[in-house]
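Just so it is clear, none of the values below were taken in a lab; they were calculated from the coordinates. Note that the coordinates shown come from a computational prediction; the quantities given were computed from them, not determined experimentally. Neighbour counts are summed over all protein chains in view; Cβ atoms, including those assigned to glycine, are modelled from backbone coordinates with ideal geometry.
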Amino acid sequence: MLRSSLLWLSERNGVFDFVKGNSVARKMASRFVAGETPDTAIEAVTEINSTNLTASLDLLGESVTNEQEAVSARVEIVDVLERIKETGVDANVSIKLTQMGLDLDLDSCAGNMRALLEVARKHDIFVRIDMESSQYTERTLTLFREQLYPEFGDLVGVVIQTCLYRAAQDVEDLINQGARVRLVKGAYAELASVAFPDKRDVDATYATLTERLLSEGNYPAIATHDESLIDHARTYARERDIDPERFEFQMLYGVRRDLQQSLRQAGYNVRVYVPYGTQWYPYLMRRLAERPANIAFMIGNVLKESLRWR
């Protein structure tokens, strides 16, 4: 009930208009979002790199409503690619196709992606296409498999959500194509007609597809904070002599920083997914929905801050 309520709130623009002007809410968001500008994002990556972790920068804001917004998003992401090159930080970028205009026109979206990927190719910076709700899965994978991957190869990768029934077949198709996959559970509210209602099935699928990707995948990203699934991946890799350099773990900015460091100290590659931008409210709500413990964490910090000002 709590999860569905938070996901519902993530889609309410009216609530966002109220929340974004609230200093307490902005303080909460700062735990999980690296500011609202490219400068604050690069600063966050610099700090992450100082702890021997890498990063993936994600400009928040999806489902643009006109082509100019899509072009503006593309221009801002290109600027971030340039800043990554100029500053030398160890980071790549993540992009949502609705941010590039997928809802408006497929050809225009593909054109925006090609323009962006040409800059990424010039600077040799990897670009990950994020996965959105299930209504976009087929369109995202079709554009990736038929146009972007054939043209840009390992410069571009994609995300698969194990909450969806189709995930296993999609992983097999991408393994056969040689594409790089980021494996996640999924953060969107989905119907039982397309997704597993039971978390145990989502986790079981995640474990199975982790094994497939570790054995046959092209530098897969195991993106989870679930320690049991992380331990499963480590055990599977160790027992089959899969070198830690052949894959990486990924975690979200501000979540389980202790676990990020312990994995890196154990010799694993760890990348931190770093969101930034003014559209932080929907992202924050999805993070709260994913892990109720985040709510307790943030409330605790707000209370501490309030007590200091008394």
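Here is how the numbers come out for the structure above:
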{"read-out": "Three-way shape label, the range 34-276, alpha-carbon gyration tensor, a/c 1.5", "value": "oblate"}
{"read-out": "Spatial separation of Cα centroids for the range 65-135 and the range 190-253, in angstrom", "value": "26"}
{"read-out": "Projected label distance in nm at residue 47 and residue 72, using a 7 Å step from Cα toward the beta-carbon", "value": "2.8"}
{"read-out": "Spacing of the two label points (7 Å from each Cα toward its C-beta) at residue 245 and residue 219, in nm", "value": "1.2"}
{"read-out": "Long-range lysine pairs (8 or more apart or interchain), the range 34-276, Cα under 27 Å", "value": "6"}
{"read-out": "Environment charge of residue 237, counting only residues whose C-beta is closer than 9 Å and scoring Lys/Arg +1, Asp/Glu -1", "value": "+1"}
{"read-out": "Cβ crowding within 10 Å averaged over residues, with 166-173, 98-105 ranked highest first", "value": "98-105, 166-173"}
{"read-out": "Amide proton proximity set for residue 58, modelled H, under 5 Å, gap of 5+", "value": "94, 274, 276"}
{"read-out": "Extension gain (nm, one decimal) between residue 204 and residue 124, 0.36 nm per residue minus Cα-Cα", "value": "25.3 nm"}
